[in-house]
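K.L.:
Before anything else, here's the structure in question.
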Amino acid sequence: MNILFLSTRSPYPLISGHSLRTYHILKGAAQKHNVILVTFIQEPEHELKKENLEHLRSFCREVYPFRIPVDMSRFKLGISLFLNLFSPLPFVAKKYDAPMMRQKIREIIKKEHIDLVHVDLLPLTVYINEFRKLPKILVNHNVESIRLYRWFQTEPNILKKVYLGIQWLKLRSFERSAMRKFDSCVVVSETDKQLLKEMGVSNRLFVVSNGTNTEFFKSTGKKTVENSVLWLGHMDVHTNKDAVLYFWREIYPLLRKWHPQVKMTFLGTAPPKEISDVAKRNEQVTVTGFVDDIRPYLDEAAVMVVPIRIGSGTRLKILDAMAMGKAIVSTSVGCEGINVSDGRNILIADTPEDFTNKTIELLKNEDLRSNLGKNALKLAKSYDWNLIWKKQELLYQDAMERRDL
């Protein structure tokens with residue numbers, strides 16, 4: 001069948017959890033169907049490279065990328081944020097409502113025989129009037145209103161807090177209303193499914209979890225560096241920025257005090273200046289920036305830390321690290337939605353002191369690290385993308401069959 005696949009960001013290169021999930025689901029769909037991808041671009045320096053677009057075109061029938069208008073300048077973004085105070089729609093819905101994107105969707109539906117529309121993320125439901133009569137599914141990488149609410153709870157700036165509170169109320173209402181208009185809605189965990197039910201979402205909700213590529217995420221042969229701790233994630237995303245600063249300001253000082261030989265690596269784009277400055281003069285702190293392959297860094301790390309405090313959905317970085325048999329310390333929010341067991345395949349800690357103690361325990365105890373890693377790998381195999389895609393395909397068929405009734 002012909003699938004119109006709408007995405008809020010280009011799924012290639014694989015530079016975030018978002019892109020990883022979208023890429024593997026998209027590629028899975030393209031194995032059986034003709035897929036037309038219409039996508040926004042969030043990192044043009046990577047996503048608009050000719051070779052990256054050509055890679056997507058190697059398995060998609062067509063690929064149409066568009067820049068997000070309000071992201072083109074700080075001035076436009078500021079004006080848009082202010083004007084949104086007077087709109088009933090949340091900012092994310094207005095942000096992704098672009099005339100060029102809307103026109104392209106109309107052209108495709110008029111020209112092609114589209115059998116099903118795959119909407120990848122809530123904000124793109126603003127285009128639903130363009131394909132209201134077609135079978136359609138919505139994929140939620142997160143419960144967007146919950147993610148925003150957790151940001152609202154932790155925001156110290158009073159003006160930002162008020163703005164976030166207003167946005168949260170609008171987004172919660174928008175989320176409930178938009179989801180009711182789809183044949184099926186996908187969530188990534190039972191936790192997210194329950195959260196949406198508690199919000200009053202009565203639509204058909206199906207869990208298609210995030211996954212990992214267990215064939216790709218294998219050892220590169222590098223040996224573990226003793227006393228090494230790894231942070232993994234792009235730090236220009238608010239959830240990650242909050243997490244890395246929480247770790248740096250509240251956990252790392254305790255880690256250095258109680259285990260002075262610790263070696264810390266921060267892998268990902270846009271590290272906070274206070275971390276980068278220390279890395280320039282302290283050999284025990286390393287900042288890598290963007291890397292093409294994270295596997296060598298995972299190989300070398302004795303422990304990976306996931307100090308996430310806000311957000312929703314599930315963290316693909318945890319699944320990828322588990323596929324490589326790594327010992328992980330995470331907050332409850334960080335590993336939310338994954339079928340983990342504290343003390344068996346991960347360690348969970350929600351205070352700076354507990355997080356520090358468990359990290360040091362792993363650094364000192366190689367047997368514990370090994371046992372956690374073995375159990376983590378076993379769990380990761382149940383999250384392989386080949387298994388995940390088959391569940392998504394069943395939902396495509398279900399949406400089509402429901403329209404035929």
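Coordinate-derived values only; no laboratory data. As the structure is a computational prediction, the values presented were derived from the model and not from experiment. Here the Cβ is made from the backbone with ideal geometry for all residues, glycine too, and neighbour counts use every protein chain on show.
K.L.:
Using +1 on the beta carbon of Lys and Arg, -1 on that of Asp and Glu, and nothing else charged, what's the dipole of the stretch 102-154 about the Cα centre, debye to 20?
P.N.:
Dipole about the Cα centre, nearest 20: 160 debye.
K.L.:
Along its principal axes, what span do the Cα atoms of the stretch 42-108 show, with the longest given first and each in whole Å?
P.N.:
Answer, in whole Å and largest first: 43, 28, 14 Å.
K.L.:
Taking the Cα centre of the stretch 168-241 as the origin and placing charges on Cβ (Lys, Arg +1; Asp, Glu -1), which of F174, G233, L205 is farthest toward the positive end of the dipole?
P.N.:
F174
K.L.:
Now for a separate question. Can you give me the angle between helix 74-83 and the longest principal axis of the chain, using Cα atoms only, in degrees from 0 to 90, rounded to the nearest 10?
P.N.:
Value to nearest ten degrees: 60.
K.L.:
So what's the convex hull volume per residue for the Cα atoms of the chain, in Å³?
P.N.:
Value for the chain: 142 Å³ per residue.
K.L.:
Something else: Please report, in debye to the nearest 20, how large the charge dipole of the stretch 228-383 is about its Cα centre when each Lys and Arg carries +1 at its beta carbon and each Asp and Glu carries -1 there.
P.N.:
Around 140 debye, computed over the stretch 228-383.
K.L.:
Now a separate question. Could you give the length gained by full extension between F216 and Q397, i.e. 0.36 nm per residue of separation minus their alpha carbon distance, to one decimal place?
P.N.:
Taking F216 through Q397 to full extension adds about 62.3 nm, to one decimal.
K.L.:
Can you compute the charge dipole magnitude of the chain about its Cα centre, using +1 on each Lys and Arg Cβ and -1 on each Asp and Glu Cβ, nothing else charged? Give it in debye, rounded to the nearest 20.
P.N.:
800
K.L.:
Also, I was wondering about something else. Roughly how tilted is helix 158-179, in degrees to the nearest 10 and between 0 and 90, from the longest Cα axis of the chain?
P.N.:
50
K.L.:
Additional query: Using +1 at the C-beta of Lys and Arg and -1 at the C-beta of Asp and Glu, which of M101, H113, F40 has the Cα lying farthest in the positive direction of the dipole of the stretch 27-147?
P.N.:
Positive-end residue among those listed: H113.
K.L.:
I want to verify the translational diffusion coefficient of the stretch 42-166 in µm²/s; compute it with Stokes-Einstein, Rh as the Kirkwood radius over Cα pairs, at 10 °C and 1.306 mPa s.
P.N.:
For the chosen part, D equals 94 µm²/s.
K.L.:
Using only the Cα atoms of the stretch 330-376, construct the convex hull and provide its projected area averaged over every direction, in square nanometres to one decimal.
P.N.:
Dividing the Cα hull surface by four gives the mean projection, 3.0 nm².
K.L.:
Please determine, in degrees from 0 to 90 and to the nearest 10, the orientation of helix 17-32 with respect to the longest principal axis defined by the Cα atoms of the chain, where the helix direction is its Cα long axis.
P.N.:
Roughly 50 degrees, rounded to the nearest 10.
K.L.:
I've got another one for you. Only helical DSSP H runs with n ≥ 4 go in: add -39500 (n - 2.57) per run for the chain, normalise by residue count and round the 222 nm mean residue ellipticity to 500 deg cm²/dmol.
P.N.:
Computed mean residue ellipticity for the chain: -14000 deg cm²/dmol.
K.L.:
Oh, and also: Put +1 on the Cβ of every Lys and Arg and -1 on every Asp and Glu Cβ in the chain; which of S382, S332, G313 then has its Cα farthest towards the positive end of the dipole?
P.N.:
G313
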